[in-house]
Amino acid sequence: MVGRRSHRWREADPETHGPKPAALPICPLCERPIPAHARQSLHHLTPKLKGGAHGATVRLHQICHSAIHARYSEAEIARRLAEVEALRADPEIARFLEWVHGKPEDFHAPTRLTRARRGNGGLRRKG
């Protein structure tokens with residue numbers, strides 16, 4: 001007869017605890033984990049409109065993805081920011097990364113277009 005101790009659950013035993021959960025994906029831009037419940041999206045390193053429909057993609061936090069597109073046009077992303085390293089080295093994105101670094105992994109906030117992207121300097125016309 002086998003004693004009860006031999007039948008105790010062991011965390012490392014897939015028969016009693018199932019397979020270990022996979023590690024959370026890491027956002028290559030901000031280098032924070034992306035929890036399953038966090039807003040997230042795939043970013044085409046070369047924008048689809050510029051020939052990247054079948055190109056490489058990376059999974060990003062939605063706020064990181066929005067920060068890229070709020071600051072730069074599709075043409076500029078394709079021309080000089082088509083690699084994660086280039087994005088991280090960009091001064092505007094670097095400022096964003098410094099700000100988001102201390103936020104929780106599932107943090108999200110609305111992202112507005114920068115004044116330069118809005119095209120009117122952010123000024124509203126009266127009348």
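The values are calculated or read from the model by the stated rules, or taken from the named source; none is laboratory data. Keep in mind that this is a model prediction, so the values were computed, not measured. Note that each Cβ is placed from the backbone with ideal geometry, even for glycine, and that neighbours are counted across all protein chains shown.
Would you confirm, using the coordinates I've provided, whether residue 60 is closer than 28 Å to residue 24 by Cα, in contact with a strand residue (DSSP E or B) (Cβ under 9 Å, 6 or more places away or on another chain) and either part of a helix (DSSP H, G or I) or at pLDDT 90 or above (or both)? Please lay out each step first, then the result.
Working: closer than 28 Å to residue 24 by Cα: yes; in contact with a strand residue (DSSP E or B) (Cβ under 9 Å, 6 or more places away or on another chain): yes; either part of a helix (DSSP H, G or I) or at pLDDT 90 or above (or both): yes.
When the stated conditions are applied, residue 60 passes them.
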For residue 16, all conditions in the list (1) at pLDDT 95 or above; (2) assigned to a helix (DSSP H, G or I) hold save one; what is the number of the exception? (1)
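In the set 117, 125, which member is assigned to a loop (DSSP other than H, G, I, E, B), at pLDDT below 95 and of a type in the set (D, E, K, R)?
Working: 117 fails: assigned to a loop (DSSP other than H, G, I, E, B).
Being assigned to a loop (DSSP other than H, G, I, E, B), at pLDDT below 95 and of a type in the set (D, E, K, R) holds for just one of 117, 125, which is 125.
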Report every pair of residues separated by at least 6 positions or lying on different chains whose Cβ atoms are under 6 Å apart, first residue within the range 28-57 and small (Gly, Ala, Ser), second in a loop (DSSP other than H, G, I, E, B) and surrounded by 14 or more Cβ atoms within 10 Å (Cβ to Cβ). 38/106; 52/46; 55/46; 56/45
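Working carefully through the options 81, 97, 87, find the one that is crowded, with 17+ Cβ neighbours inside 10 Å and in contact with an Asp or Glu (Cβ under 7 Å, 6 or more places away or on another chain). First the steps, then the outcome.
Numbers: 97 fails: in contact with an Asp or Glu (Cβ under 7 Å, 6 or more places away or on another chain); 87 fails: in contact with an Asp or Glu (Cβ under 7 Å, 6 or more places away or on another chain).
Of the residues listed, the single one that is crowded, with 17+ Cβ neighbours inside 10 Å and in contact with an Asp or Glu (Cβ under 7 Å, 6 or more places away or on another chain) is 81.
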